[in-house]
1. More than 21 Å from Thr27 (Cα to Cα) and open to solvent by less than 40 Å² (accessible area, probe 1.4 Å): is that true of Thr228 in this structure?
2. Just checking, how many residues over the range 233-273 are farther than 20 Å from Gly218 by Cβ and open to solvent by 20 Å² or more (accessible area, probe 1.4 Å)?
3. Look at Gly249 and say whether it is small (Gly, Ala, Ser) and out of contact with any strand residue (DSSP E or B) (no Cβ under 6 Å at 6 or more places or on another chain).
4. Going through the range 40-66 one residue at a time, which ones are touching a residue at least 60 places away in the same chain (Cβ under 8 Å) and open to solvent by 30 Å² or more (accessible area, probe 1.4 Å)?
5. Pick out, from the range 81-196, the strands (runs of 3 or more DSSP E) lying fully within it that include 1 or more residues that are among the basic types (Lys, Arg), open to solvent by 30 Å² or more (accessible area, probe 1.4 Å) and under 20 Å from Ala64 (Cβ atoms).
6. For the range 15-61, name all the residues that are part of a strand (DSSP E or B) and among the basic types (Lys, Arg).
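The values are calculated or read from the model by the stated rules, or taken from the named source; none is laboratory data. These figures come from a predicted structure and were not determined experimentally. All Cβ positions, even for glycine, are placed from backbone atoms using ideal geometry, and neighbour counts span all protein chains on display. Quick note on the areas: whole protein, heavy atoms, side chains included, nothing else; ligands and nucleic acids left out. Shrake-Rupley method; radii C 1.70, N 1.55, O 1.52, S 1.80 Å.
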Amino acid sequence: MRAADGHALSYSAVVRALLVVNPQATTTTPAGRDVLAHALASDVKLEIIETCYRGHAADAASHAAEDGFDLVIAHGGDGTVNEVVNGVLRGGPRPDKPMIGVVPGGSANVFAGALGIPRDPVEATHVLLQSIEHGTRRRIGLGQVFADVIEGDKSRWFTFNAGMGLDADVVAGVEKKRAKGRNASPALYLSVAVRAYAQNVRKPQHFTVEVPGEPPFGDVGMVFVSNTDPWTYFGDRAIQLNPSTSFDGGLGLSALKTLRVPTVGRYIAQVLATGNPKGGNLVRRDDVGYVRVKCEEPANLQVDGDFLGTTTAVEFRAVPDALTVAV
């Protein structure tokens, strides 16, 4: 970057950046944080905050947006990224909102992966520094969920996925295990998923799902909503439910009408083999403006792998061009 007289400008005098670090994230370390901070401080005017309570990242990002920061960097897992996004967008999307940067530090890092950001923090930092130097950025769409279980304005942004039923049951179960000291891992998710599935078979949940321009789908067993592809990762393997869904379009819906073993077995086999599931018991839409879900009994709700609570009515809404990401 150069001034009008041709002399190079120092980025530290131009770009104000806040680095939000979750020290409890799976792969973040003090040494890694220091290397990241040192690398960034050479190119931007940097401030650093380490989170110490749930919602701290969102509060810090919100204050940064109000204070006119240019860039907010999330160093942690998908939960940290989600909080930073919700903090930056507190009050709604506007052109003057800061850009988001991501340096992965969690176990899955789905949002970073969907954007093509390396999982390795050193490589991701290099990509971020290149973005700052060359001014490269991407405007993406997000999902927004509205439900009475959500505090404040009853809405929450999500970057890659959300759901009601089985997947939210798994998220809730994993959170309970982690609260008791277990580390997040594919093995933990798998064991919790097996128990949650068995519970759903014994006591099925019943959802009514509505999308634009179609009659409601009744008696659905579980509901997945995607803002991009992949849905998540199992270790290094991408799990794809709606491969035509992207940050540049509407939401993807993947809902099973029944959770009987043959149906679920075929669905899982298709997801793992082709990443393009189809079938008579699958309600799938890849580009819709909203998904509304109702149920008679309260069901679990999750967004970006964060358990929000139980509710009987939710609306998932696609919001185009909601966020600018440094990539």
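1. Working: more than 21 Å from Thr27 (Cα to Cα): yes; open to solvent by less than 40 Å² (accessible area, probe 1.4 Å): yes.
Yes, satisfied.
2. 22
3. Numbers: small (Gly, Ala, Ser): yes; out of contact with any strand residue (DSSP E or B) (no Cβ under 6 Å at 6 or more places or on another chain): no.
No.
4. Step one: list which residues in the range 40-66 are touching a residue at least 60 places away in the same chain (Cβ under 8 Å), which gives 40, 43-44.
Listed by number, the list holds a single entry, Asp43.
5. 138-146, 155-158
6. Taking the range 15-61 as the starting set, the residues that turn out to be part of a strand (DSSP E or B) are 16-21, 45-50.
Correct list: Arg16, Lys45.
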